[in-house]
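> First the structure, which I've put down as structure tokens, then a few questions once you've had a look.
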Amino acid sequence: LEIGQSRALDVKMEVGQVTEVVEVQGTAPFLDRTSASIGTVIQASQLKDLPLAGRHWAGLMLLAPGAINTGEGTHLSTRFVGRARDDNNWTFDGIDATGVKDPRQDSDARLIISSESIAEFRVSSTLYSAEAGTAAGGVVQLISKTGTNRYRGTAFDFVRNDRFDARPFMTVGDMPPFTLNQFGGNIGGPIVAQRTFFFANYEGIRQRQERGFTRAVPSAAFRALVTPALASIVAMYPQGTARTSNPDIDDWVGTERVTNDEDAVLLRLDHRFSDKTTLFARYNFDKADLVNPGDTGSTTNYIRPANFTVQLQRIFGPSVVSETKFGYNQSDRLSVRTGPATEQVGVSGFVNLTGPQEIIEDGSTYSLLSDFAVVRGRHNIKFGGELRRILIDVGEGNTTSLTYSSRPNFAVNRLDNFNIVDFPVVQGQRWWTLGYIQDDVKWRSNLTFNAGLRYEFYTVPVERDGRDKVWRIACGGFCAPGTQWYGPDYNNFRPRV
């Protein structure tokens, strides 16, 4: 069975002679006649053999019906059947793997889930059953690889650098230096034969790229005109390396280096207590340090997504199966901007003077899920629910920005705009409780009804230290402490037929 697939098999047994036949068949793709869900399963062979831009598995989502590419064809730019990109939802071994603060995971990290750690994944574009929800767009269910009774492993190193690249059109001089190595390996096998297994995967990226730039800075003649009150600020601009036709502006020509370092690790352990009870635990972590120069400074992004799950599966009989999961999903990012100035200074016609800033976006969720599947006569019934705790930390520190709309205004210190941001770390907390029931009724051999009901309730976010303030016209300004941002909505029933 593939991910999320229900399949009916009609078995007819007759007494016959003992024979041995070797038969090779080419079969047509299987048509799911028991569900109206529109989607596809990307199998391990496709992940291994098909070319992937940047070795990113999300490009294969475009093979699903209804997929629309609005950019690079990754998880950030793929929409389904007209829905927005932020309407999509991802799960990894049944645990939410979507971004916490924002619906999509961070765009800069490439190994949030390594392609080498995925056994297969299913893309459901629309009309999926009631067990899938929390989003109005596509649902992507990823399954991690497991160990088996035989030791198996993979090692790889993909290389790209400027020596292999063709010279871009109109390039003058030497090729800009560029190196990219994407490497790693995995191994899986038994710890105890027939009972306990492991799978471990590591993948790393090392990218170095030099790029040229030309930016506008004050000329020596303009520096002499600036009021002495701004002498310390104008001295922070780099010296020009080439004259321009404008006597106030010099060109600052140079090179800068972009650095991407990323390491992703996955570890999974499976244990079989008996033929009826199994347990597995899986942990996935990505560490990305990305340095991106710009203007007169640089920004370093420290990205730390992680995902963990432990699942207990119990077979109570030939017609009753249960799964209980506990999971953790983390989407953390720290952006540190550095530069020569103590404030961000913008002057029309000149490159910005970069000032310091730290942006914190930390989100994490804790989930407890329970699902049951019961077969009774013509009915294939599934029901379950999820209890999820959400924690979000957001902050932009203390920054000041100064803006001059023209060079003459800057020369005489006529400030046009200033902005002071004092945004300490704020933590919002809320509960999500989700429940569903799904019944697939095999009414006749050629007629199946898929009927389900899903209920979703979202509590109103609350700041941990009570620092949130609600402003409304009805309150005459700020409302009394403890006022909710909005009223809770209790009627989010979502029927599926």
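The values are calculated or read from the model by the stated rules, or taken from the named source; none is laboratory data. All values derive from a computational prediction rather than experimental measurement. Backbone-built Cβ (ideal geometry, glycine too); neighbour counts: all protein chains shown. Accessible surface areas use protein heavy atoms only, side chains included; no ligands, DNA or RNA. Shrake-Rupley method; radii C 1.70, N 1.55, O 1.52, S 1.80 Å.
> Hey, which lysines would be in cross-link range of Lys12, C-alpha to C-alpha under 28 Å, not counting anything within fewer than 8 residues on its own chain?
Within reach: Lys276, Lys382, Lys442.
> Also, quick follow-up: Would you check the accessible area of Lys276, probe 1.4 Å, heavy atoms only, in square angstrom rounded to 10?
100 Å²
> How much area per residue is accessible in the stretch 34-109 when the probe is 1.4 Å and only protein heavy atoms are counted (Å²)?
Counting only protein heavy atoms, the per-residue value for the stretch 34-109 is 43 Å².
> So, one more: Under 5 Å between amide H atoms, partner at least 5 residues away or on a different chain: which partners does Cys479 have, H built in plane at 1.01 Å?
Val470, Trp471, Arg472
> Moving on to the next point. Counting Lys +1, Arg +1, Asp -1, Glu -1, what net charge surrounds Asn398 among other residues with beta carbon under 10 Å of its beta carbon?
That sum, taken over residues with Cβ under 10 Å, equals -3.
> Also, quick follow-up: Nearest 20 debye, what's the magnitude of the dipole of the chain about its Cα centre given +1 on Lys and Arg Cβ and -1 on Asp and Glu Cβ?
960 debye
> How high is the relative contact order of the stretch 335-381, in percent, with contacts defined as C-alpha pairs under 8 Å that are six or more residues apart?
Taking the mean separation of contacting Cα pairs over the length of the stretch 335-381, I get 30 percent.
> On each of the three principal axes of the Cα atoms of the stretch 97-213, give max minus min coordinate, whole Å, ordered largest first.
Between the extreme Cα coordinates on each principal axis of the stretch 97-213 lie 60, 42, 23 Å.
> Related question: Taking θ as phi - 60°, what are the ³J(HN,Hα) couplings along the stretch 71-85 by the Karplus curve (6.51, -1.76, 1.60), each to the nearest whole Hz, with x for Gly and Pro?
Karplus-based 3J(HN,Hα) across the stretch 71-85 equals x, 7, x, 9, 5, 8, 10, 9, 10, 10, 6, x, 6, 6, 4 Hz.
> Could you go through the stretch 10-15 in sequence order and give the Karplus-derived ³J(HN,Hα) for each residue, using 6.51 cos²θ - 1.76 cosθ + 1.60 with θ = phi - 60°, rounded to whole Hz, and x for Gly and Pro?
Karplus values, whole Hz, x for Gly and Pro: 8, 9, 10, 10, 9, 6.
> Over the stretch 415-480, what percent of the accessible surface lies on carbon and sulfur atoms, probe 1.4 Å?
Taking all protein chains in place, the stretch 415-480 shows 61 percent carbon and sulfur surface.
> Tell me, in nm to one decimal, what length is gained between Tyr283 and Glu2 on full extension, where the rule is 0.36 nm per residue of separation less the Cα-Cα distance?
Working it through step by step, the gained length comes to 98.9 nm.
> Within 10 Å of each candidate Cβ there may be at most 12 other Cβ atoms; applying that plus a DSSP loop requirement, which GluC sites (Glu not before Pro) in the stretch 83-189 survive?
none
> Grab the beta carbon distance between Ala84 and Ala235, set R0 = 56 Å, and tell me the FRET efficiency rounded to 0.05.
0.75
> Right, next: Per DSSP helix of 4 or more residues, -39500 (n - 2.57); summed, then divided by the residues of the chain. What does that give at 222 nm, rounded to the nearest 500?
Value at 222 nm, helices only: -1000 deg cm²/dmol.
> Using a Förster distance of 41 Å, how high is the FRET efficiency between Ser401 and Ala193, based on the Cβ-Cβ distance and rounded to 0.05?
Efficiency computed from Cβ-Cβ geometry: 0.05.
> Then there is this: At 1.4 Å probe size, with no ligands or nucleic acids counted, give the accessible surface of Arg110 in Å², nearest ten.
Approximately 60 Å² of Arg110 is accessible to the 1.4 Å probe.
> Relative contact order, percent, of the chain when contacts are C-alpha pairs under 8 Å separated by at least 6 residues?
It comes to 10 percent, rounded to a whole number.
> Using per-residue counts of other Cβ atoms within 10 Å, averaged over each peptide, order 18-24, 68-74 from highest down.
Ranking the peptides 18-24, 68-74 by packing returns 68-74, 18-24.
> On to the next question. Any chance you could check the Cα centroid distance between the stretch 71-120 and the stretch 141-174 for me, in angstrom?
20 Å
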